[in-house]
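Read the structure below first, then the notes.
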Amino acid sequence: MSSPAEHELDPTFYRSPGEAIAAPAERLAYVVAFDRTGAQPDALTVVDTDPESATYGKVVGWADLPTRGDELHHFGWNACSSAFAHAGHHTDGLQRRYLLLPGLRSSNIHIYDTHPDPSQPRLVRTVAASELAAKAGYSRPHTLHCGPDGIYLSCLGGADGADGPGGIAVLDHDTFDVVRAWETDRGPQHLAYDAWWHLNQNTLITSEWGTPSMIDDGVVPELLLNNEYGHALHFWDLAEGRHLQRVDLGAQHQMVLELRPSHDPGATWGFAGVVISTEDLSASVWRWHREGGDWQAEKVISIPAEPAPADELPPVLKPFGAVPPLVTDINLSVDDRFLYVSCWGTGELKQYDVSDPAHPRETGSVRLGGITGRVPHPAAPDEPLAGGVQMVEVSRDGRRIYLTNSLYGSWDDQFYPDGVGAWFAKIDTDPDAGGGLSVDERFFPRGDEFRGRRVHQVRLQGGDASSDSYCHA
């Protein structure tokens, strides 16, 4: 769908992390919003992030999906700086132009064009669940990354919603056709969640959550206490789609979710977030790295649960008398210096200096919402916030952090049974001063601005810390 007349290199394809950091700041944020009841269509919303604009922090664009009940979750660009890894492809009109919106429940994929008006995206195609099933054998698309030779879409379920194995579907960069399943030899891998890579090392990494039946209706306590959710990392040959190594983090470390590899194209390390330990309700972050020819992983951050009166807890937590942090997202700044860890249970965002990735050092913290805290935003000090710090996105220059508060509809209902509402916040930091976090009091779209829908992932105009992978230092 790229115009054949457009042969100039997309200026938002940055050859290196340094170029991305030096580029102009984002002026828009794209935020997916979903209706838990399915009565209204989900939507792609556009929020003004230009502090000099009269509509700063306001919803300035809106596009309803043509269907209902999709439950938009993660989404992403059709192309990015990884185009430099594909010989010649970055000169044929490929652009960071289209946003692909997978429906986690419907398995449909809606494609929106952000041109010619970036604030008013237009639907250009829907890839039906039947095509994903027929051509790749998968369903329940979760996370996508633009790669050098296509779009990689991780999926939680097998064809037509079957309970696995989950895996990766490859879509064409330009037509968005489903091409194939990526794996040629999956080895012991069955559960799926995130997928990302070290391009220059020909290595792809995947993580584990659960199959559709394990997540659709919330956490299943029996499965959790029996340590049956995902607890391993998998390392693959990127070019061949061949499984190389499984690294088990320990069965008690349940739900290995977000992967954040170093942006340095020469590095062989990254971070993975673990939601909960069944030993003590703590959450953790692990560093993977390569030693010799083998991949290894070790825990580098542990965040304990916080005691709380049982009468303040939702039913699922009452027997434990504590609020688990529930690390549900992490994000690594483009300069690989700061790691952001969202604790959806306690409502805390933590900032760590990871200049030495084996020894993170906490440098900042803010709280918004939380199961028991309900910490208000400074722009509305009399409004206790439901939900907690959840999806995290970091600007390319590392100075702005964007947060939303919904995890997944059924899990929202389980941990915040009185509702999560909808809110979108911005946090400021100064890397030159060593970090530290402060809430932007001017930026707080919420509630009715999202028309009764919950908000999940954020993508920034021109790319962000978790959109791109780079081929050159």
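Some notes on this structure:
- Looking only at residues of the range 140-176 that are assigned to a loop (DSSP other than H, G, I, E, B), under 20 Å from Tyr112 (Cα atoms) and without any contact (Cβ under 8 Å) to a residue 40 or more places away in the chain, we find that the one that is farthest from the chain's Cα centre (by Cα) is Asp172.
- Residues of the range 10-37 satisfying the condition of being within 30 Å of Val420 (Cβ to Cβ) and in contact (Cβ under 8 Å) with a residue 60 or more places away in the chain: Ala25, Glu26, Arg27, Leu28, Ala29, Tyr30, Val31, Val32, Ala33, Phe34, Asp35, Arg36
- Selection status of Glu183, out of contact with any Leu (no Cβ under 9 Å at 6 or more places or on another chain) and farther than 24 Å from Gly273 by Cβ: no
- Filter pass, Glu222 being under 30 Å from Tyr416 (Cα atoms) and without any contact (Cβ under 8 Å) to a residue 12 or more places away in the chain: yes
Every residue, every condition in (1) out of contact with any Cys (no Cβ under 7 Å at 6 or more places or on another chain); (2) of a type outside the set (A, V, I, L, M); (3) on the phi > 0 side of the Ramachandran plot, yes or no:
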residue	(1), (2), (3)
Ala169	no, no, no
Asp177	yes, yes, no
Trp182	yes, yes, no
His190	yes, yes, no
His198	yes, yes, no
Thr206	yes, yes, no
Ser213	yes, yes, no
Leu244	yes, no, no
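- Residue in the range 320-329 that is surrounded by fewer than 16 Cβ atoms within 10 Å (Cβ to Cβ), out of contact with any Ser or Thr (no Cβ under 8 Å at 6 or more places or on another chain) and either farther than 29 Å from Trp196 by Cα or not small (Gly, Ala, Ser) (or both) present: yes
- Leu156 being over 17 Å from Trp77 (Cβ atoms) and crowded, with 23+ Cβ neighbours inside 10 Å: yes
- Residue that is farthest from the chain's Cα centre (by Cα) [pool: residues in the range 250-293 that are β-branched (Val, Ile, Thr) and assigned to a strand (DSSP E or B)]: Ile276
- Meets criteria (β-branched (Val, Ile, Thr) and more than 18 Å from Glu441 (Cα to Cα)) for Thr372: yes
- Matching option when the condition is at pLDDT 95 or above, in contact with a Lys or Arg (Cβ under 8 Å, 6 or more places away or on another chain) and buried (at least 20 other Cβ atoms within 10 Å of the Cβ), among Gly210, Gly187, Gly167: Gly167
- Single unsatisfied condition, Arg374 versus (1) on the phi > 0 side of the Ramachandran plot; (2) surrounded by 22 or more Cβ atoms within 10 Å (Cβ to Cβ); (3) not small (Gly, Ala, Ser): (2)
- Residue that is more than 20 Å from Ser154 (Cβ to Cβ), aliphatic (A, V, I, L, M) and in contact (Cβ under 8 Å) with a residue 24 or more places away in the chain, where the choices are Ala272, Ala283, Ala239: Ala283
- If you filter the range 117-137 down to residues that are surrounded by fewer than 18 Cβ atoms within 10 Å (Cβ to Cβ), without any contact (Cβ under 8 Å) to a residue 60 or more places away in the chain and of a type in the set (Gly, Ala, Ser), you find that the one that is farthest from Asp70 (Cα to Cα) is Ala134.
- Criterion (part of a loop (DSSP other than H, G, I, E, B), more than 18 Å from the chain's Cα centre (by Cα) and under 16 Å from Arg400 (Cβ atoms)) met by exactly one of Asp335, Asp356: Asp335
- Any chance Asp248 is modelled with pLDDT of 95 or more, surrounded by fewer than 18 Cβ atoms within 10 Å (Cβ to Cβ), farther than 21 Å from Asn200 by Cβ and among the charged types (D, E, K, R): yes
- Candidates in the range 42-52 are the residues that are of a type outside the set (S, T, N, Q) and crowded, with 18+ Cβ neighbours inside 10 Å; of these, the one that is nearest to the chain's Cα centre (by Cα) is Leu44.
- Of all residues in the range 294-319, those that are surrounded by 12 or more Cβ atoms within 10 Å (Cβ to Cβ), charged (D, E, K, R) and assigned to a strand (DSSP E or B) total 2.
The values are calculated or read from the model by the stated rules, or taken from the named source; none is laboratory data. Note that the structure is a prediction, hence the values are computed from the model and not measured. Please note: Cβ atoms are built from the backbone with ideal geometry, for glycine as well, and neighbour counts cover all protein chains shown.
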